[in-house]
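One structure is given below, encoded as structure tokens.
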Amino acid sequence: QVHLVESGGGLVQPGRSLRLSCAASGDIYRLYALGWYRQAPGKERELVATITSGGSRKYGDFVKGRFTLSGGVSQNTVALQIDGLKPEDTAVYYCYADLYNPTGESWGQGTQVTVST
């Protein structure tokens with residue numbers, strides 16, 4: 001099993017920045033990719049960004065430069081920097097791992113990000 005633990009969420013004012021972190025433990029040899037998804041109230045969970053063990057990155061359609069992914073599989077950690085936060089960024093952010101040997105996936109428990117005055 002691969003365990004993912006997130007940290008860094010909270011209540012933030014619009015325009016501010018926030019950094020989310022995620023640490024993987026357990027069967028880390030199974031890590032193929034790490035990244036983040038988010039789920040806003042009443043909406044489906046959506047991709048924010050992921051990075052594979054080979055360094056390939058994938059971003060959600062809404063990502064337009066305000067989101068920066070760092071870390072990766074070799075470090076067993078992944079972080080998400082969000083700049084210029086907007087109210088529509090309010091969501092539960094989930095750390096995600098794509099696994100192989102055997103294939104599968106793992107999710108963190110989620111961390112709430114609320115953007116409000």
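Name the one entry in Y37, Y32 that is out of contact with any helix residue (DSSP H, G or I) (no Cβ under 6 Å at 6 or more places or on another chain), crowded, with 18+ Cβ neighbours inside 10 Å and not hydrophobic (A, V, I, L, M, F, W, C). Only one candidate passes the filter, namely Y37. On the stretch given as the stretch 32-53, residues that are touching a strand residue (DSSP E or B) at 6+ places or on another chain (Cβ under 9 Å), assigned to a loop (DSSP other than H, G, I, E, B) and not hydroxyl-bearing (S, T, Y) total 4. Listed by position, the strands (runs of 3 or more DSSP E) contained in the stretch 63-117 that have at least 2 residues being of a type in the set (A, V, I, L, M) and in contact with a helix residue (DSSP H, G or I) (Cβ under 7 Å, 6 or more places away or on another chain) are 111-115.
Could you please find all residues in the stretch 1-17 being part of a strand (DSSP E or B), under 21 Å from V115 (Cα atoms) and under 12 Å from the mean Cα position of the chain (by Cα)? Explain how you work it out, then say what you get.
If we filter the stretch 1-17 for residues that are part of a strand (DSSP E or B), which is where we start, we get 2-7, 10-12.
Retained after the next criterion (residues that are under 21 Å from V115 (Cα atoms)): 6-7, 10-12.
Listed by number, the residues that qualify are E6, S7.
Residues of the stretch 71-103 that are at pLDDT 95 or above and among the small types (G, A, S): A79, G84, A91, A97.
The values are calculated or read from the model by the stated rules, or taken from the named source; none is laboratory data. All figures in this text were calculated on a predicted structure; none of them were measured in a lab. Virtual Cβ from ideal backbone geometry, glycine too; neighbours counted across all protein chains shown.
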